[in-house]
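Data block below; observations after.
Values in this text are rule-based calculations from the coordinates and carry no lab data. Not measured: the values here are computed from a predicted model. As a convention, Cβ positions derive from the backbone with ideal geometry for all residues, glycine included, and neighbour counts pool all protein chains shown.
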Amino acid sequence: MLILVVTKNPGNDPETDEPFEPKIYSSFELADPQSYILGRDQKVDIQLNHPAVSRTHVQFTPKKGKWMVKDLGTANGTKLNGEVLSGEQQVKEGDIIDIAEYSFNVNKVEAQLPFADETWVDPVESEALLDDLAAEDQAS
């Protein structure tokens, strides 16, 4: 399970130029063993309707007892703890993922491992969604 608490940056005070306190926007609980795609498209698992968010922006995937996050080649990018997210990175409790004016605060990370005698297979549902969206783009 991965719990993300989303805050929205409300901007700066026009008189002092100090940032206003972020406001809690929403929270999400992601459960194993499914992968989740966050983006602006209506077909994604977590929709964030903002012009700076790509249709498919990031993917959260449980792998080998850990949760991973990957930017899906977005125009505006994603930051993990203030650094540009490149490739797939592990997320840990206390991490902050920044997308547009939103911050995703990682509150709990707990990925279940498969039984020792089972072979771990990464989820493919989100990959199928990405393929479907790419096919729609090519058709239009």
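What the Cβ-Cβ distance of MET1 and ALA139 gives, at R0 = 41 Å and to the nearest 0.05, is a FRET efficiency of 0.65. Cross-link pairs exceeding 27 Å in C-alpha to C-alpha distance, out of LYS23/LYS64; LYS8/LYS92; LYS8/LYS64, comprise LYS23/LYS64; LYS8/LYS64.
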